[in-house]
Amino acid sequence: MAENVFDTLMNRGYIAQVTHEEDVRRYLSQPGAIFYIGFDPTADSLHVGHFIQMMVMAHLQRAGHRPIVLLGGGTGMVGDPSGRSDLRQVLDEDTIKANVTRFREQMKILIEFGDSKALMVDNADWLCQLNYITFLRDIGSQFSVNRMLAAECFKQRLEKGLSFLEFNYMLMQSYDFLVLYQRYGCRLQLGGDDQWSNILAGVDLVRRKEQAEAYGMTFQLLTTKAGVKMGKTAGGALWLDREKTPPFDFYQYWRNIDDADVINCLKLLTFVSLDEIRAMAALKDEAINDVKKRLAWEVTAIVHGKEAADQAAEQAAALFSGDGRSDTMPTSRLEAADLAAKPLLDLLLEAGFIPSKGEGRRLMQQNGLYLNGQPLNDVTYCLTGDDFSSGEAVVRKGKKAFYRFMIG
């Protein structure tokens, strides 16, 4: 008998809280259960925190259930106060639409869309059409202000001040659940554990308005063993967009995580079997490095494809075994006639190898930027034919980051 996907999620460590555990287990025992997760488009890319949610959806879809990806084109105009101590920036409509478009494409990494498969909807389609008086009468009347103020998602904001705009967020997210139940028969809302209060409110609204069974389940946030949220780098969030976090940097993040976190990450971020993961958990000392390489390859392959994962692994091996030169390092090609057209610093900025010319100058001052192994200290330096005597000009930033220029 096939394992219930609820047990799969439990055994891999995803599940944090469930409203009606036995009912949810039963709901997921037969294929065809409809569930949803919401994603507010507050940035132009998904990040590794969203990736956990995408993995949950993928496990459920592979078990025969139907995901609804709810993009928050409407709620994104308000901002979710959950887990925040300050007011979330309110985005304009054009920015939100652009972010929604990016999310749609990135979701396809793990979720299969199409007839009778996963569905993607935008809550702007119904929230932006609401009549305020009608909404207050039909939906607002179902909420107790006292209960809302006691919700965990509002507590930390009350001292600093909670705007009425944000106070409406719980009503809007709950209304999403009601609409998805009415239109698609969706009975299960999922989300990160910081969404527990909002999910409880949505479950309660569906049960009150429709006298129907509705459930909620949250999953663990991605944290280290010490409880610190993972997915932050020196440059900010660990993005799924290769332009914001290149595949090699993405690979290296997982390759360099703490030994104590690698097994949990294998369970949550890959499809490696639990039997294989248990065998890896018994490894010690130097063998843990091989487990980290496996984790880094698996996650990078899911997000960026197997070819990018292979290239990142090759480049990492070259970095730690020699001078960092490898066929897979990021590369730009230049025309010989254009070498003197722009300073090297400008070329590195255009390639995304440095975030700004100011940072490039700072690196030069601190001997942190090298060309073919020699320190760079001239901010106006332009590449010449002599720099390509070996067929390539390789720039190193710090100890581990490399970029290559080639002619033609």
Legend entry - Every residue from segment 240-282 that is in a loop (DSSP other than H, G, I, E, B) and either of a type in the set (Ser, Thr, Tyr) or out of contact with any Ser or Thr (no Cβ under 9 Å at 6 or more places or on another chain) (or both): 242, 245, 246, 256, 270, 271, 272, 273, 282
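In segment 33-59, how many are charged (D, E, K, R) and either closer than 19 Å to residue 268 by Cβ or crowded, with 19+ Cβ neighbours inside 10 Å (or both)?
Step one: of segment 33-59, the residues charged (D, E, K, R) are 40, 44.
After this cut, where a residue has to be either closer than 19 Å to residue 268 by Cβ or crowded, with 19+ Cβ neighbours inside 10 Å (or both) as well, the list is 40.
Final tally of qualifying residues: 1.
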Inset, instruction - Can you confirm whether segment 278-294 contains a residue that is of a type outside the set (A, V, I, L, M), in contact (Cβ under 8 Å) with a residue 40 or more places away in the chain and more than 23 Å from residue 52 (Cβ to Cβ)? - result: no
Inset, instruction - With the condition kept exactly as written, say whether any residue in segment 286-293 is outside the structural domain of residue 55 (by TED's automatic domain parsing), farther than 24 Å from residue 9 by Cα and aliphatic (A, V, I, L, M). - result: yes
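Taking into account only those residues within segment 372-388 that are within 18 Å of residue 332 (Cβ to Cβ) and at pLDDT below 85, which is surrounded by the fewest Cβ atoms within 10 Å (Cβ to Cβ)? Before the answer, list the steps.
Residues of segment 372-388 that are within 18 Å of residue 332 (Cβ to Cβ), as a first pass: 372, 376, 381-385, 387-388.
Of the ones still in play, those that are also at pLDDT below 85 are 372, 385, 387-388.
Details: 372: 17, 385: 10, 387: 20, 388: 18.
Going through the qualifying residues, I end up with 385.
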Inset, instruction - Might you let me know whether segment 224-243 holds any residue that is modelled with pLDDT under 95 and aromatic (Phe, Trp, Tyr)? - result: yes
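How many of the residues making up segment 7-32 are more than 25 Å from the chain's Cα centre (by Cα) and either β-branched (Val, Ile, Thr) or surrounded by 17 or more Cβ atoms within 10 Å (Cβ to Cβ) (or both)?
Here is the first cut: in segment 7-32, the residues more than 25 Å from the chain's Cα centre (by Cα) are 19-32.
If we keep only those that are either β-branched (Val, Ile, Thr) or surrounded by 17 or more Cβ atoms within 10 Å (Cβ to Cβ) (or both) too, we end up with 19, 24, 27-28.
Summing the residues that are more than 25 Å from the chain's Cα centre (by Cα) and either β-branched (Val, Ile, Thr) or surrounded by 17 or more Cβ atoms within 10 Å (Cβ to Cβ) (or both) in segment 7-32 gives 4.
Residue under question is residue 395, and the condition is that it be free of Cβ contacts under 8 Å to residues at least 40 places away in the same chain and either in contact with a strand residue (DSSP E or B) (Cβ under 6 Å, 6 or more places away or on another chain) or at negative phi (or both); does it hold?
On the way: free of Cβ contacts under 8 Å to residues at least 40 places away in the same chain: no; either in contact with a strand residue (DSSP E or B) (Cβ under 6 Å, 6 or more places away or on another chain) or at negative phi (or both): yes.
No; evaluated as a whole, the condition is false for this residue.
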Legend entry - Hey, residue 4 more than 15 Å from residue 199 (Cβ to Cβ), at pLDDT below 95 and more than 21 Å from the chain's Cα centre (by Cα) or not: yes
Inset, instruction - Look at residue 315 and say whether it is touching a strand residue (DSSP E or B) at 6+ places or on another chain (Cβ under 9 Å), surrounded by 19 or more Cβ atoms within 10 Å (Cβ to Cβ) and in a helix (DSSP H, G or I). - result: yes
Legend entry - Enumeration of residues in segment 163-187 that are of a type in the set (A, V, I, L, M, F, W, C), crowded, with 18+ Cβ neighbours inside 10 Å and modelled with pLDDT under 90: 170, 171, 172
Inset, instruction - Pull up segment 110-151, narrow it to residues that are under 32 Å from the mean Cα position of the chain (by Cα) and either assigned to a strand (DSSP E or B) or basic (Lys, Arg) (or both), then point me to the one that is nearest to residue 42 (Cα to Cα). - result: 122
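Residues to consider are 109, 37, 68, 52; find the one that is at pLDDT 85 or above and within 27 Å of residue 149 (Cβ to Cβ).
On the way: 109 fails: within 27 Å of residue 149 (Cβ to Cβ); 68 fails: within 27 Å of residue 149 (Cβ to Cβ); 52 fails: within 27 Å of residue 149 (Cβ to Cβ).
Only one candidate qualifies: 37.
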Legend entry - For residue 247: the one exception among (1) surrounded by fewer than 13 Cβ atoms within 10 Å (Cβ to Cβ); (2) outside the structural domain of residue 194 (by TED's automatic domain parsing); (3) of a type outside the set (Val, Ile, Thr); (4) out of contact with any Lys or Arg (no Cβ under 9 Å at 6 or more places or on another chain): (1)
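Checking the conditions here, which among 327, 323, 285 is outside any helix (DSSP H, G or I), surrounded by 12 or more Cβ atoms within 10 Å (Cβ to Cβ) and either aromatic (Phe, Trp, Tyr) or at pLDDT below 85 (or both)? Step through it out loud before you land on a result.
Details: 327 fails: surrounded by 12 or more Cβ atoms within 10 Å (Cβ to Cβ); 285 fails: surrounded by 12 or more Cβ atoms within 10 Å (Cβ to Cβ).
Just one listed residue meets the conditions, 323.
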Legend entry - Residue that is surrounded by the fewest Cβ atoms within 10 Å (Cβ to Cβ), among those in segment 196-244 that are touching a strand residue (DSSP E or B) at 6+ places or on another chain (Cβ under 8 Å) and over 27 Å from residue 48 (Cβ atoms): 203
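The values are calculated or read from the model by the stated rules, or taken from the named source; none is laboratory data. Quick caveat, the model's predicted, so the values are computed rather than measured. FYI the Cβ positions are ideal-geometry reconstructions off the backbone, even for glycines, and counts take in every protein chain you see.
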